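Taking it in order: structure first as structure tokens, then the write-up.
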Amino acid sequence: MRSEDLFDESKKAYARLINAHSSEIIYTYNASYAFNMLAQVLVRSGELQAGDTVLVAIHEHHANIVPWQILQDY
């Protein structure tokens, strides 16, 4: 129970830091997984649609470039 409490408290702390609700905070395995999840959620929710432009800085890590390149084909 203590580890679950710490888990919940950490989400609340991050939420306060970025002015969000703790239910909006998720932990993922790594950056690659997180960026892939983000890209898919934005498409499936309709927030990102065909014809939209996603700007990615040239110095971004590979994990933040590939998911957006994959979406170009949809």
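The values are calculated or read from the model by the stated rules, or taken from the named source; none is laboratory data. Keep in mind the model is a prediction, meaning the values are calculated, not measured. FYI the Cβ positions are ideal-geometry reconstructions off the backbone, even for glycines, and counts take in every protein chain you see.
Structure values in brief
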item: Residue match in the range 41-62 (condition: surrounded by 10 or more Cβ atoms within 10 Å (Cβ to Cβ) and among the polar types (S, T, N, Q)); result: no
item: In the range 1-31, residue nearest to N64 (Cα to Cα) [restricted to those that are surrounded by 10 or more Cβ atoms within 10 Å (Cβ to Cβ) and aromatic (F, W, Y)]; result: Y14
item: Residue in the range 10-20 that is at pLDDT 95 or above and among the β-branched types (V, I, T) present; result: yes
